[in-house]
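Everything on this sheet refers to the single structure shown next.
The values are calculated or read from the model by the stated rules, or taken from the named source; none is laboratory data. Quick caveat: nothing in here was measured; it's all calculated off a predicted structure. Cβ placement follows ideal geometry from the backbone for every residue including glycine, while neighbour counts extend to all protein chains displayed. Calculation scope for accessible area: heavy atoms of the full protein, side chains included, ligands and nucleic acids excluded. Shrake-Rupley method; radii C 1.70, N 1.55, O 1.52, S 1.80 Å.
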Amino acid sequence: MAGDQLLRPVGEPTRRDWIAVMSVMLGAFMAVLDIQITNSSLKDIQGALSATLEEGSWISTSYLVAEIIMIPLTAWLVQLLSARRLAVWVSVGFLIASLMCSMAWSLESMIVFRALQGFTGGALIPLAFTLTLIKLPEHHRAKGMAMFAMTATFAPSIGPTIGGWLTENWGWEYIFYINVPPGLLMIAGLLYGLEKKAPHWELLKSTDYAGIVSLAIGLGCLQVFLEEGHRKDWLESNLIVSLGSIALLSLITFVIVQLSKPNPLINLGILANRNFGLSSISSLGMGVGLYGSIYLLPLYLAQIQNYNALQIGEVIMWMGIPQLFLIPLVPKLMKYVSPKWLCAVGFGLFGLASFSSGVLNPDFAGSQFNQIQIIRALGQPLIMVTISLIATAYILPQDAGSASSLFNILRNLGGAIGIALLATLLDARTKTYFDYLREAIVPTNPQVAERLATLTEQFGNPTAALGKLSEITHQQAQIMAYNDAFHCVGFALGVSMLAILLTKTLPAGLKAGGSH
């Protein structure tokens, strides 16, 4: 950061500081919400735009690609333009893009507007993280991270619920209209809370353009590779192989460029910081857990239990709503319990919820998930409020932008990698289990003969009975695959818990959790 932004705040934050931080948190909340809010409405949007299921996937992919490209550029843009100018510009852009999405007339226009929405929203996430470090002194840092936790865990948890309700009752366009009132409030708060500063156009002469280009190409191709790889059967597709190769070469180039520059775009050296490096591993696992759970659960409820968008939203709500009340309590808990232990307990609870989800059967449906969702809701706030503090405890103020970029990129990549692996795992394990179960279904088996006789009587002919038995077997294979997928999420969260336990104890000011 340039100028006085390098100074670590020591005094009490002013009212303007708090308004600035809360306003940008609102923006980050909206940006994360919009990743998930379209998921429960994709069928309606695809129908309105005459798009196939595969084409419709780009409505989400375009947003995620643009967002992950923008996240690492934010720290540089803050230096170039000033935090106030950048925050206001991207907020206005986000609102305009949201309105344009609601008016999209074709799939192509929707993809372009979603990309613009993701690009502008992508800046709001690291801005929220960075302003917490810049504006709030150590004894208030836990409160800032509690607000940031709202954006990171509550927003994706509640997104499908809001999207499903709006689509069912008002129409899919309203998932974009909903951004307007909070967006206007956010812009007003940013204009009031952030001080005016002159732009530093001279930085354009010393900008790391090789780093910007290689990182943008690398992250963009990697995100598309992860999002579309499963749909196109991975290495069977020339497009996916090309994207993976370009991503690998670009990211290797980026690392080489960054390590050779005196003033890199992102200071990769901070990964050698024990707390930041270990917390980054945990952040990857958190991304797998957070986005993996929100991917698996709605898919299971839709595929196996035939739930509609609103019913799915009601189940996920049990993970979202409790967090509203729990997140503000975490800074108070930190006065008595070390953030490291709170974070480890959070990963333990989240992992327990994931392993508990891996006991599915054909009768396991909505209400039976409620207790599991509450355990998940207890764990997530403990992680998100504390993990950012643990990661940045020993980071120098001038590295706040790099820390924010890396931390948020890794969480998003963890989510993208997790979903890609889980989607592939579900397909592969379903085929394996189906083949295994089919071997046991032979007419000489008394239970199979009895079931076939019952189905024949029910459907009137043996062919229909065989078809129904095949359908039941395939469903059972799918359920077993979902169990494996939830266990994998639990394993990733277990690794994250171990990484956090290996971090150093926090300085006294941060351990106080908001006390003086």
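Listed here are the residues, each with its yes/no results for (1) in contact with a helix residue (DSSP H, G or I) (Cβ under 6 Å, 6 or more places away or on another chain); (2) over 26 Å from VAL224 (Cβ atoms); (3) open to solvent by less than 20 Å² (accessible area, probe 1.4 Å).
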| position | (1), (2), (3) |
| --- | --- |
| GLU67 | yes, no, yes |
| ARG84 | no, yes, no |
| MET100 | yes, no, no |
| TRP105 | no, no, no |
| SER109 | no, no, yes |
Residue count for region 31-46, restricted to those that are closer than 16 Å to GLY320 by Cα and among the aliphatic types (A, V, I, L, M): 4
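Could you pull out the residue among LEU243, LEU204, LEU235 that is among the hydrophobic types (A, V, I, L, M, F, W, C), out of contact with any His (no Cβ under 9 Å at 6 or more places or on another chain), at pLDDT 90 or above and not assigned by the TED database to the domain that holds ALA66?
Details: LEU204 fails: at pLDDT 90 or above; LEU235 fails: at pLDDT 90 or above.
It is LEU243.
Hey, can you tell me all the residues within region 188-218 that are crowded, with 20+ Cβ neighbours inside 10 Å and closer than 23 Å to CYS101 by Cβ? Working first, answer last.
Of all residues in region 188-218, those crowded, with 20+ Cβ neighbours inside 10 Å come to 189-190, 193-194, 211, 214-215, 218.
Result: LEU190, single match.
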Condition broken by LEU297, with the remaining ones in (1) open to solvent by 30 Å² or more (accessible area, probe 1.4 Å); (2) touching a helix residue (DSSP H, G or I) at 6+ places or on another chain (Cβ under 9 Å); (3) farther than 13 Å from THR153 by Cβ satisfied: (1)
Positions within region 212-245 being of a type in the set (Val, Ile, Thr), under 23 Å from THR74 (Cα atoms) and touching a residue at least 12 places away in the same chain (Cβ under 8 Å), in sequence order: ILE212, ILE217, VAL224
Condition broken by ARG274, with the remaining ones in (1) buried (at least 23 other Cβ atoms within 10 Å of the Cβ); (2) over 17 Å from the mean Cα position of the chain (by Cα) satisfied: (1)
Region 399-443, subset under 30 Å from MET145 (Cα atoms) and open to solvent by 40 Å² or more (accessible area, probe 1.4 Å), residue modelled with the lowest pLDDT: ILE419
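Can you find a residue in region 456-472 that is open to solvent by less than 10 Å² (accessible area, probe 1.4 Å) and without any contact (Cβ under 8 Å) to a residue 40 or more places away in the chain?
Pass one, region 456-472, residues open to solvent by less than 10 Å² (accessible area, probe 1.4 Å): 465.
Next cut, without any contact (Cβ under 8 Å) to a residue 40 or more places away in the chain only: 465.
Checking region 456-472: at least one residue is open to solvent by less than 10 Å² (accessible area, probe 1.4 Å) and without any contact (Cβ under 8 Å) to a residue 40 or more places away in the chain.
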Criterion violated by PRO262 - all others in (1) surrounded by fewer than 17 Cβ atoms within 10 Å (Cβ to Cβ); (2) part of a helix (DSSP H, G or I); (3) more than 24 Å from the chain's Cα centre (by Cα) satisfied: (2)
Only listed residue being more than 20 Å from PHE129 (Cα to Cα), open to solvent by less than 10 Å² (accessible area, probe 1.4 Å) and not aromatic (Phe, Trp, Tyr), chosen from ILE71, ILE59: ILE59
Meets criteria (among the aliphatic types (A, V, I, L, M), surrounded by 20 or more Cβ atoms within 10 Å (Cβ to Cβ) and not in a helix (DSSP H, G or I)) for LEU493: no
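What number of residues within region 159-170 satisfy the criterion of being in contact (Cβ under 8 Å) with a residue 24 or more places away in the chain and either on the phi > 0 side of the Ramachandran plot or surrounded by fewer than 24 Cβ atoms within 10 Å (Cβ to Cβ) (or both)? Explain how you work it out, then say what you get.
At the first step, the residues of region 159-170 found to be in contact (Cβ under 8 Å) with a residue 24 or more places away in the chain are 159-168.
This time we only want the ones that are either on the phi > 0 side of the Ramachandran plot or surrounded by fewer than 24 Cβ atoms within 10 Å (Cβ to Cβ) (or both), so: 162, 165-166, 168.
Qualifying residue count for the region: 4.
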Of the criteria (1) within 14 Å of THR386 (Cβ to Cβ); (2) at pLDDT below 90, which one GLN303 fails: (1)
From the options ALA146, ALA155, ALA123, ALA142, residue that is crowded, with 24+ Cβ neighbours inside 10 Å and farther than 16 Å from ILE387 by Cβ: ALA123
Evaluation of SER496 against (1) under 19 Å from ILE304 (Cβ atoms); (2) touching a residue at least 24 places away in the same chain (Cβ under 8 Å); (3) not aliphatic (A, V, I, L, M) (one fails), failing number: (1)
